[in-house]
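Following: one structure in structure tokens, then a few remarks.
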Amino acid sequence: MSASVPRSVRGSTACAHCGLAVPAGLMRAGDESQFCCSGCRQVYSLVHEWGFNQYYQLIERQRGALEPARVSGRSFDDFDDAALQASASEAVAGGRFRTRLYLEGVHCAACVWLVEKLPSVLAGVDEVRLNYGNAVAEVTWRPDHTRLSAVARALDRLGYTPHVHQASRLQDARRAEDRASLARLGVATACAMNLMFMSGALYAGEYQGMATRFEVFFRWFSLVVAAPVFLYSARPFFQTAIAGLRTGLIHIDLPIAVAIAIAGAASAWNVIVGHGHLWFDSLAMLIAALLAARQLQRGAQRAALERADSLRGVAFLEFARRLDGDGANTAVAEVPLTALAQGDRVEVRSGELIPVDGLVLTGRSMLNNAVLTGEAVPCPVEPGDAVHAGATNLGARLIVRVEAAGARTRVGALLAIVQEALSRKPAMLHVTDVLARRFVVTLLLAATATLGLGWWWLGPEVAFTRVVALLVVSCPCALGLSVPLALSVTLMRAARAGIFVKNPDALERLRRVETVLLDKTGTLTEGRATVVRWHGGERTLQLARALEAESSHGVARAFQQTDTRGLHLVPMIAEVVEEPGRGIRGRLDGHDVRVGTRAFAVADGATMSPPLATAAAEMLAAGLSPVFVAIDGRPAGVAGIGDRLRPDAQRTVAALQALGVRVRILSGDHGAIVARTGAELGLPPADVHGDLTPEQKRDFVADLVAHRSGGGAIVMVGDGVNDAAALALADVGVAVDGGMGATIVAADIVLTREGVRPVLAILDGARRLRGVVRRNIGFSLVYNVVASSLAVFGLIGPLAAAVLMPLSSLAVVLSSTFTRTFAREA
């Protein structure tokens, strides 16, 4: 028999697929394999049917635990839409297409093995390559043998729900750019190493003597080896310098290009005339160092954007189930959102996102609007109520009449605001830019003056030698490296610490912070409903938990997170009925059990004990939603459903206040609940704002930025789409761990560490980065002033200049590398 995951979890029967505890109501007597949900049962059967039993052996070898398999059961017909395929696929040789799909549920190497085995069981699929880091699968398939929807259905049946990834062309362009940059760096490095050996031989020959024919050979061969460095590797410096001159700007690459051109031309001339110093080795090392620093910076920024790009590439809402026809002739078709028109009817099933803005025509259910409003408590909807795209349907099936779809929805408007805010050119390192321009102008004027005066007084040979020494020793490589190298090292260390900086300018803006604005739900709190308080017996809690296991409601998930270890499992569950907006009832162990509102749970005429009534009142006063449990019509317990504060929230707020930062809360949750949260954090009522719509949050931040009192930065920290516009308009936007895709698009910094304490690490890291940049720039300026003076007065020649030049860059590299800007969390 094939290996599978462990069969027991803390004394309970474990799911044969994912290893989690199997609810008593899903136990099947006589079956050797038990499953916690229908999705796990389906995936387990399919894995064995396709002969992929080794998957479970890999899971055991990694001692890993899965999550319950999520099988959507969609037809994925929208994947066959020609426009969608044109935007997400590329043609490859042999009439095939390559499409990138983002897969939900990828969590280990065994998932990679299973997904990449798909071509062996699905005709028409030639290759599947899954990137474990970003969960993006690259599928090569033949349209004359299969459909993309068939590939998607196969992946979905394995428990990996696919989404079309739209960032493919951008990634192709990045890869091409990286390949070209690495090729230039490789050529420069290889040539520099060979030039060092030849230069060493020439330097030794100056002191110990060398035959003329060997000296001539080494000099000419050095020119040949250096040619690819100047003509290919150094091309970006010449291109940017020339482009800057064409637009009337003095780019920092200009002196680098001038130094490379003059020193290279001087070295080439000395080869031709047969005497004089050669600086090919130093120039090649300089070019390689500059290219490496820029490659490091690009790599760090790409790493910081990788998570955001993988989520940005997945459409927030991809498809809708459109109802065509009437009555018995009604047909359901999965179509892309672009195919919807106003007045169309769409079906929204339990657990799915509302794909459009519209009106409910049929059905009563509960919606989780936290993604839009920030409220953690679901709200009921019924025919005639307006619903918005992005809300999650937690209850029964709904039929919605389309009013707006895609970019015309409320979510689309918020994303448009985000894009507009992101299109503004950030003001970063203005002082450095001005300093660099002045330095370039000063250096060129000094070189011109040295050449003119030296030519007049000392002769052309001495003047030219001093100019070459000046340009070589004062080549602004250290200044050019000081900011990008410090920034690249900081970005990589921040990423390792779980802080992904999308916009490096944000670190500069954090030099002085005036106000930090915090969202409540999902930022200060954990963002999920939990049973915060319980009043009643353990047996009652167990019955409620077992009954709620039959529901996908948010309250049901809160009960599922309660700990009932060691209690007797309920053997029988029957007659389960869920009433949206009221609760759920069923027969458990021979008892009539109800969980829900007081009116639903408590039978007419039943009295509630004073302790139970008092507990419910105290829960309300504490900002919790009471959910009642009745057994055989008699109230037996009450649970306080709420959203817990994160463990580090109070310490973080106190630490920010100790730094002189004003902390304020902006939330869409109920005002009274937000006020209690603010009081618990020690904030004055004037700094606590609830009942805010996304538009009100946006306007609040915009007004605060426009009328700031102290001149410091306004920082917004949030996690939902309702925070996206506010994040984009703030000076610095921070998306906390678990944030939605639109939030990550809008944010300057994305956290993958839980809690809000990383906000303190961001402020400290930004402060340390400023110190490194100041030290690097200060050293570069001091070095250039001293070295330039020595070169102008002839105290150092070109040979000594070539030795000193890389030392300045080395000092900047050491300064940037050994300063701890961000540290991993212990």
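Quick notes on this structure:
- Count of the stretch 187-210 residues which are open to solvent by less than 40 Å² (accessible area, probe 1.4 Å) and not hydroxyl-bearing (Ser, Thr, Tyr): 9
- Val164 being modelled with pLDDT of 90 or more, closer than 30 Å to Ala495 by Cα and open to solvent by less than 50 Å² (accessible area, probe 1.4 Å): no
- Residues being open to solvent by less than 30 Å² (accessible area, probe 1.4 Å), within 30 Å of Ala389 (Cβ to Cβ) and either of a type in the set (Ser, Thr, Tyr) or in a loop (DSSP other than H, G, I, E, B) (or both) are represented in the stretch 713-725 by at least one member.
- Within the option set Leu114, Leu122, Leu155, being closer than 16 Å to Val47 by Cβ and in a loop (DSSP other than H, G, I, E, B) holds for one residue only, Leu122.
- When Ala495, Ala544 are checked against the criterion of being modelled with pLDDT under 80, touching a helix residue (DSSP H, G or I) at 6+ places or on another chain (Cβ under 7 Å) and assigned to a helix (DSSP H, G or I), Ala495 stands alone in meeting it.
- When the stretch 641-662 is limited to residues that are buried (at least 19 other Cβ atoms within 10 Å of the Cβ) and among the aliphatic types (A, V, I, L, M), the one that is nearest to Cys379 (Cα to Cα) turns out to be Ile641.
- Of the candidates Phe238, Phe218, the single residue that is within 28 Å of Ser780 (Cα to Cα) and among the aromatic types (Phe, Trp, Tyr) is Phe238.
- Leading residue by the ranking (surrounded by the most Cβ atoms within 10 Å (Cβ to Cβ)) among those in the stretch 75-90 that are outside any loop (DSSP other than H, G, I, E, B), of a type outside the set (Asp, Glu) and under 29 Å from the mean Cα position of the chain (by Cα): Phe79
- Qualifying residue in the stretch 593-608 (condition: among the basic types (Lys, Arg), open to solvent by 50 Å² or more (accessible area, probe 1.4 Å) and modelled with pLDDT under 80): no
- Filtered residues of the stretch 35-51 (kept if modelled with pLDDT of 70 or more, part of a loop (DSSP other than H, G, I, E, B) and buried (at least 17 other Cβ atoms within 10 Å of the Cβ)): Phe35, Cys36, Trp50
- Hey, Arg157 under 23 Å from His48 (Cβ atoms), open to solvent by 20 Å² or more (accessible area, probe 1.4 Å) and modelled with pLDDT under 90 or not: yes
- The residues of the stretch 530-548 that are touching a residue at least 40 places away in the same chain (Cβ under 8 Å) and open to solvent by less than 30 Å² (accessible area, probe 1.4 Å), listed by number, are Thr530, Val531, Thr540, Leu541, Leu543, Ala544, Ala546, Leu547, Glu548.
- The lone criterion from (1) surrounded by fewer than 17 Cβ atoms within 10 Å (Cβ to Cβ); (2) in contact (Cβ under 8 Å) with a residue 24 or more places away in the chain; (3) of a type in the set (Lys, Arg) left unmet by Arg775 is number (1).
- Criterion violated by Leu317 - all others in (1) in a helix (DSSP H, G or I); (2) modelled with pLDDT under 80 satisfied: (1)
- If you check Asp737, Asp703 for being at pLDDT 85 or above, open to solvent by 30 Å² or more (accessible area, probe 1.4 Å) and not polar (S, T, N, Q), only one passes: Asp703.
- Residues that are touching a Gly at 6+ places or on another chain (Cβ under 8 Å), part of a loop (DSSP other than H, G, I, E, B) and open to solvent by less than 60 Å² (accessible area, probe 1.4 Å) within the stretch 251-276 comprise just one, Ile252.
- The residues in the stretch 129-142 that are modelled with pLDDT under 90 and open to solvent by less than 70 Å² (accessible area, probe 1.4 Å) can be counted, and the count is 7.
- Test for Thr240: is it assigned to a helix (DSSP H, G or I), among the hydroxyl-bearing types (Ser, Thr, Tyr), touching a residue at least 24 places away in the same chain (Cβ under 8 Å) and surrounded by fewer than 23 Cβ atoms within 10 Å (Cβ to Cβ): no
- Scanning the stretch 628-642 for residues that are farther than 20 Å from His591 by Cα and touching a Lys or Arg at 6+ places or on another chain (Cβ under 7 Å) returns a single hit, Gly640.
- Meets criteria (modelled with pLDDT of 70 or more and of a type in the set (A, V, I, L, M, F, W, C)) for Val483: yes
- Taken as a whole, the stretch 650-660 holds no residue that is of a type outside the set (D, E, K, R) and closer than 30 Å to Arg545 by Cα.
- Residue check, Arg213 surrounded by fewer than 17 Cβ atoms within 10 Å (Cβ to Cβ), within 42 Å of the chain's Cα centre (by Cα) and either assigned to a loop (DSSP other than H, G, I, E, B) or at pLDDT 80 or above (or both): no
The values are calculated or read from the model by the stated rules, or taken from the named source; none is laboratory data. What you see is a predicted model; the values in this text were computed from it and never measured. Counting neighbours? That spans all protein chains shown, and the Cβs are built from the backbone with ideal geometry, glycine included. Surface accessibility is based on the protein's heavy atoms, side chains included, excluding ligands, DNA and RNA. Shrake-Rupley method; radii C 1.70, N 1.55, O 1.52, S 1.80 Å.
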